[in-house]
1. Could you give me the residue pairs with C-beta distances under 6 Å whose first residue belongs to the range 66-93 and is hydrophobic (A, V, I, L, M, F, W, C), whose second residue is surrounded by fewer than 21 Cβ atoms within 10 Å (Cβ to Cβ) and outside any strand (DSSP E or B) wherever it lies, and which are 6+ apart or on separate chains?
2. Just give me the residues in the range 210-239 being hydroxyl-bearing (Ser, Thr, Tyr) and modelled with pLDDT of 95 or more, in sequence order.
3. Is there a residue in the range 201-211 that is part of a strand (DSSP E or B), under 23 Å from Ile280 (Cα atoms) and polar (S, T, N, Q)?
4. Looking at Gly144, is it out of contact with any helix residue (DSSP H, G or I) (no Cβ under 9 Å at 6 or more places or on another chain) and either without any contact (Cβ under 8 Å) to a residue 12 or more places away in the chain or assigned to a loop (DSSP other than H, G, I, E, B) (or both)?
5. What's the number of the only condition in (1) polar (S, T, N, Q); (2) closer than 16 Å to Gly242 by Cβ; (3) surrounded by fewer than 24 Cβ atoms within 10 Å (Cβ to Cβ) that Thr199 fails to meet?
6. Checking the structure you have, find out if any residue of the range 290-299 is under 18 Å from the mean Cα position of the chain (by Cα), surrounded by fewer than 20 Cβ atoms within 10 Å (Cβ to Cβ) and either not acidic (Asp, Glu) or not in a loop (DSSP other than H, G, I, E, B) (or both).
7. Identify the single condition in (1) more than 23 Å from Phe84 (Cα to Cα); (2) modelled with pLDDT of 95 or more that Asp263 does not satisfy, given that it satisfies every other one.
8. Being in a loop (DSSP other than H, G, I, E, B) and either among the polar types (S, T, N, Q) or out of contact with any strand residue (DSSP E or B) (no Cβ under 8 Å at 6 or more places or on another chain) (or both) is the filter here, so list the residues in the range 369-379 that pass it.
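The values are calculated or read from the model by the stated rules, or taken from the named source; none is laboratory data. This is a predicted model, so every value here is computed, not measured. Here the Cβ is made from the backbone with ideal geometry for all residues, glycine too, and neighbour counts use every protein chain on show.
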Amino acid sequence: MRVIHRIALAAASAAASAVVVAGVAAAPMAQAGTQTSFIGGFHTPPTTVASTVPQNGDVNPYGVAVVKHSQGKLVKGDVLVSNFNNSANQQGTGTTIVEVAPNGAVTQFAQITVAGLPKGSSCPGGIGLTTALVALRSGFVIVGSLPTTDGTSATAKAGCLLVLNSQGNVVETFSGHGINGPWDMTALDAGDAAELFVTNVLNGTVEHSPKVVHGGTVLRLLLAIPDYGIPQLVNTTKIGSGFAERTDPAALVIGPTGVGLGDDGKLYVADTLSNRITVINDAVFRDDSAGTGETVSEGGALNGPLGLAIAPNDDILTVNSGDGNIVETTPGGAQIAVKTLDTSGSPPGAGALFGLAVAPYGTGVYFVDDATNTLDLLH
């Protein structure tokens, strides 16, 4: 198929320029000066870019995605942020995506309602926008929904992936096919085709609440994106499974969260409950589950890693749920840099950090601060 060939070409091109690092295993914090760090070059304290609270009062910003191509409402270099809570601070009820310009100007990209979904589409449970947020070069934006009716895990439903056009209107939804509480997402984008890598955290969590179950998954969704028309789901493959997950009164649900695709086709996963980063090899092409993958790094400066992004040097950036720190880890497992992003709360920074994304040209790291409902920048 043409679409699969396009993905293969994109993956092969990335792999050809990759530096393969041998020895994927847990490793301690590296000594200062032994490796070149991406975030180690940033010496300015984190600065606030803008508030992420839209007119309807949604709070708890989760997803972060940088716009790479201008089209419709989307402006190259702007940052999209999805909100998980409504104005009453009920989790799993946020419906808005805001667009933040580098100068701090904020517009509302989308407000999504069940009534506004396309006829015949489905999003089981309603709307509650998660960290799963990507902006494709074709002008489509895809965001995850893990909805509740009252902000509690007892009412959490499977949700869906919502496909929006460049005007912020939902044109399609993807549900079923193993999608069950889509929590975070990254993409391999080839223009007329894309692969979405999605973590899911509701496989058995509500039924066995508050016990830990090992049902968390990573799905790969292959999309065909025509020149005219909407993205079409070609197939879905479960490439990761068995991740620990459970409900939580403060965080709604905890399970495999951030995902990031390295230049060598390896998919890194923030295994939050196990306090580690794992890697799923051959993520672009594999046709089976790698289980939870191989451990890259665990413990050390990691403290319940949530959001994850890949730095320009192919290192792995994660933010902690247990404190206000960002950690940089090499593909070989060495934790080479730690910086504090948030000092509010008790303990400082706990529960404040979630989504993050590398700024254009590697000039910094955008991240959301849930404690202040802002988009901030480390640079």
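1. Taking only residues 6 or more apart or on different chains, the pairs are Val67/Lys76; Leu74/Ser166.
2. Taking the range 210-239 first, the residues hydroxyl-bearing (Ser, Thr, Tyr) are 217, 228, 236-237.
Result: Thr217, Thr236, Thr237.
3. No, every residue in the range 201-211 fails to be part of a strand (DSSP E or B), under 23 Å from Ile280 (Cα atoms) and polar (S, T, N, Q).
4. no
5. The number of the failed condition is (3).
6. no
7. Against the list (1) more than 23 Å from Phe84 (Cα to Cα); (2) modelled with pLDDT of 95 or more, Asp263 comes up short only on (2).
8. Let us first name the residues in the range 369-379 that are in a loop (DSSP other than H, G, I, E, B), namely 370-373, 379.
Matches in the range 369-379: Ala371, Thr372, Asn373.
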